[in-house]
Amino acid sequence: MGNRIPEDLLEKIQRTSDIVDVVSEYVQLKKQGRNYFGLCPFHGEKSPSFSVSSDKQIFHCFGCGAGGNVFSFIMQHNGVSFTEAVQTLAEKNGIDLPTITPTDQGKTLSKDAEKMIEAHELLKKFYHHLLVNTKEGQSALDYLINRGFTRETIDKFEIGYALGSWDFITKFLSKRGFNLSLMEEAGLLVKKNNSDDFLDRFRNRIMFPISDHNGATIAFSGRVLSEEKPKYLNSPETKIFNKSKILYNFHRARIHIRKNQQAVLYEGFADVISSTESGVEHAIATMGTSLTEDQARIIRRNVNEVVLCYDSDSAGIEATIRAAKVLQSAGCQIKVAMIQEGLDPDDYIKKYGSEKFRNDVIGATVPFMTFKMSYYRRGKNLQNEGERLQYIENVLADLTHLQSAVEKEIYLKQLSKEFDLSIDVLKEQLQHFQSRQTNVSQQPQAKNAVSNHMKRNPIAKKKLLPAYHTAERMLIGHMLRSKDFSQKVLERLGLQFNIEEHKAIVTYLYGFYEEGNEENVSSFLSRLPNSELQDIVSNIAMITLNTEVTEQELSDYIKQVLNHQKMLMIKEKEADKKEAERNKQFREAAQIAMEIIQLQQALKS
C-alpha cells in the first residue's frame, strides 16, 4: 500500500489492536468453535455469515465477500482511507504517529502525485478555516447558511472559501516549498499569459473538496458568489484526478451503501449534501458529466440496486435514461425516484423538507420500466389512435429487454386493462418484437454485446469451482500458513497460476516472505493493493486445511493447475489445425496434430 507509515509502527498498531475487540464495538459477536460470528455490517442479513478469526486476526463475510484485517475493517466500516484507519487505531491505543499524507490505496504514488495530494489536503483545511473562522469568509458562510446548510454539514463536507485575491494561494504554496509548476499541473494554479508567473485558479468561490474513493483530496469544485460565469469552476483532469472514475462522496457513502444494499445516484454536489442532511446517507454523484462505464463498474462492485434521483426536467429525464442504460450494462438493477413540479432534489428538500423527501421520493421509487412508461406518455394524446399505438409499441419494445416473465405479465396486464385490449393479442405482438430482437442479436456485433453483458453480470448462486481453481485456492491457503510450503510452490510452479487474481496474490506473497517476514495473514493483507485481493485472501485463509501436506497432495494440486494450461493449449492447437486444413496446408496440420497428441499424453502422465 502507498503510505508513509514505517512498517514497524504498522506492526505495533496491528499487534495492539485485537480484531475481535475492535469488531465487537460495531458488531455483536458470538463465539462458535475457534471463530466468532455475527451479522455482517456491510450488507443486510438475518443469519450470521460474518466471521472473525482471533488466531489469524482477520474477518470474512461469506455472504457479501468482504474481508481483510483490522485496518480493512475500519476502512470499510467507517468509509475512510488506509492512513485514516491507522490513525484511528493508533489514537485508540495511545500510539503517536508521524505526520502522514493520505494516498490513493492500491497505488504506489509518484513523488509528484504525493505532493499534489499534500497541497490539496493543505488547501482544503485552509479554505475551510477561511470560511468558518475569518471575516473574509463571513459573506460566503452567510450565503451557505441562508441556503439551508447547517454548520454541522459545512464541517462534515469540509466546505471552504477561496479569497478574491489573484495570487494569495500562489504565495501561500510557494512559502511552503511547493513547486509552482507542479501546482499548475495539479490544477491549483494557472499561468499568466506570456509570462512565467502564476495566478490562483480559484478566487472568491465557495470551495467543495473532491476526494478519491479512499478519502484523499484530489480536486475542488468552486461555486461563484457573484453573477460571474461559470457558476461552478472545477479542477481540470490531472495526474491524481480523473473525473470519469470518481464519484462524489463515495468514500463517505460506501458503508451506508452496503448497509442499505442500495446506492442513490444524483447529478450534483448540492443534491448529495442535501440528501445526506435529510438522512439519506447512501448518496453519491457523478462529476458534472454523464455517468461513465468506469463509474458504473465501481458502483456495481459495491451494490446491486441503484436509485436514480435526477432533476425532473426534460434534461434530467434524458440523463436518467442514459445513466440507467449504462448501469444495466454493468449488471445493476435500476429504480427511479420521481420528483414532481420540475424540481431538482436539492430544491425539493428545501421546499418540502427532509421527511417528505425520504418518504415520498426515495421511499416511493418505481422500477425503471414504470418510469419509462411515464416518459413515453409525455406529450402524447392517448385518445388519438396513432399516438396510442406508438405508445403501446414503445412499451412492448422495452418489455423484450426484461428478464423476468412475471414483470412482463404485470405490464402486459396494465396495458390490457388501460386500453381494453386482449392480453393474448399483446402477447402475440410482444413475441413479434422478441423475434425481431433475436434476429438482431444474432449479428456478430450484437453477439459480442450480449457476451460482454453476461461477463459483467455476477452470478448470485455459487457454482462448483473447476478443479484447477480449487487447487489454486488450496495451494494459496497452505502458502499463507507456511513459508517453507510457499518456497516449494515457487520452485515447482512459480507464477503459473491460471486465475489472474491468484497470480497477483502469490506474487505479493513471494515478496512478503522474501523480505524476511514470518507467516502472518493479517500483516500480509496490509501489503495487498486493493480490497478485491484482500477479500479473496481472507476467504481462502478461512478454509479449514490439514496441518501437514503430503508430497502427493502437493503434486496433485500442481498437476491440476498445469493441466488446465495444457488443455487450453490443446484447444488453441485444435483451432490452428482446423485453420491449416481449411487453407489446405496439410503438412502444417499434421505437425500440429502431433503436438496435440504430445500434449494429450502429457495430461495422462
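The values are calculated or read from the model by the stated rules, or taken from the named source; none is laboratory data. In this text the structure is predicted, and so the values were computed from the model without any measurement. No Cβ is skipped: glycine too gets one built from the backbone with ideal geometry, and neighbour counts run over all protein chains shown. The accessibility values were calculated without ligands, DNA or RNA, using every heavy atom of the protein model including side chains. Shrake-Rupley method; radii C 1.70, N 1.55, O 1.52, S 1.80 Å.
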Out of the residues in the stretch 124-138 that are under 31 Å from the mean Cα position of the chain (by Cα) and of a type in the set (Lys, Arg), state the one that is most open to solvent (accessible area, probe 1.4 Å). Lys125
Residue, least open to solvent (accessible area, probe 1.4 Å), within the stretch 551-574, restricted to residues that are over 35 Å from the mean Cα position of the chain (by Cα) and closer than 25 Å to Asp484 by Cβ: Leu554
Ser329 passes all but one of the listed conditions (1) closer than 22 Å to Ser244 by Cα; (2) at pLDDT 90 or above; the exception is number (2)
Out of all the residues in the stretch 380-391, is one or more farther than 28 Å from Gly342 by Cβ, assigned to a helix (DSSP H, G or I), at pLDDT 85 or above and touching a helix residue (DSSP H, G or I) at 6+ places or on another chain (Cβ under 8 Å)? no
Qualifying residue in the stretch 41-62 (condition: hydrophobic (A, V, I, L, M, F, W, C) and surrounded by fewer than 20 Cβ atoms within 10 Å (Cβ to Cβ)): yes
Counting only residues that are part of a loop (DSSP other than H, G, I, E, B), out of contact with any strand residue (DSSP E or B) (no Cβ under 8 Å at 6 or more places or on another chain) and crowded, with 18+ Cβ neighbours inside 10 Å, how many does the stretch 10-37 have? 1
Residues in the stretch 575-590 that are closer than 30 Å to Leu493 by Cα and surrounded by 14 or more Cβ atoms within 10 Å (Cβ to Cβ): how many? 2
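Being in contact with a Phe, Trp or Tyr (Cβ under 9 Å, 6 or more places away or on another chain), of a type in the set (Val, Ile, Thr) and surrounded by 14 or more Cβ atoms within 10 Å (Cβ to Cβ) narrows it down to one of Val521, Val506, so name that one.
Values: Val521 fails: in contact with a Phe, Trp or Tyr (Cβ under 9 Å, 6 or more places away or on another chain).
On inspection, the qualifying residue turns out to be Val506.
Sort out which residues of the stretch 234-271 are assigned to a loop (DSSP other than H, G, I, E, B), surrounded by fewer than 20 Cβ atoms within 10 Å (Cβ to Cβ) and out of contact with any helix residue (DSSP H, G or I) (no Cβ under 7 Å at 6 or more places or on another chain), and write them in order of number. Show your work before the answer.
Quick first cut of the stretch 234-271, residues assigned to a loop (DSSP other than H, G, I, E, B) only: 235-242, 246-247, 249, 261, 267-268.
Restricting the remaining residues to those that are surrounded by fewer than 20 Cβ atoms within 10 Å (Cβ to Cβ) gives 236-239, 242, 261.
Across the stretch 234-271, the qualifying residues are Pro236, Asn242, Gln261.
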So Val307 ticks every box in (1) in a helix (DSSP H, G or I); (2) within 18 Å of Ile257 (Cβ to Cβ) but one. Which box is left unticked? (1)
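Please go through the stretch 272-291 and give me each residue that is in a loop (DSSP other than H, G, I, E, B) and open to solvent by 30 Å² or more (accessible area, probe 1.4 Å), ordered by number. Before you say what the answer is, go through the steps one by one.
Kept after step one, since they are in a loop (DSSP other than H, G, I, E, B), are these residues of the stretch 272-291: 278-282, 286-291.
Answer for the stretch 272-291, where residues must be in a loop (DSSP other than H, G, I, E, B) and open to solvent by 30 Å² or more (accessible area, probe 1.4 Å): Gly279, Glu281, Gly288, Thr289, Ser290.
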Looking at (1) closer than 24 Å to Gln262 by Cβ; (2) part of a loop (DSSP other than H, G, I, E, B), which is the only condition Lys56 fails? (1)
For the stretch 70-104, give me each residue that is at pLDDT 75 or above, assigned to a loop (DSSP other than H, G, I, E, B) and charged (D, E, K, R). Asp96
Which one of these does Ser354 not meet: (1) without any contact (Cβ under 8 Å) to a residue 60 or more places away in the chain; (2) open to solvent by 30 Å² or more (accessible area, probe 1.4 Å); (3) more than 17 Å from Ala263 (Cα to Cα)? (1)
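From Lys427, Lys408, Lys417, Lys380, grab the single residue that is basic (Lys, Arg), open to solvent by 90 Å² or more (accessible area, probe 1.4 Å) and without any contact (Cβ under 8 Å) to a residue 60 or more places away in the chain.
Numbers: Lys427 fails: open to solvent by 90 Å² or more (accessible area, probe 1.4 Å); Lys408 fails: open to solvent by 90 Å² or more (accessible area, probe 1.4 Å); Lys380 fails: open to solvent by 90 Å² or more (accessible area, probe 1.4 Å).
Only one candidate qualifies: Lys417.
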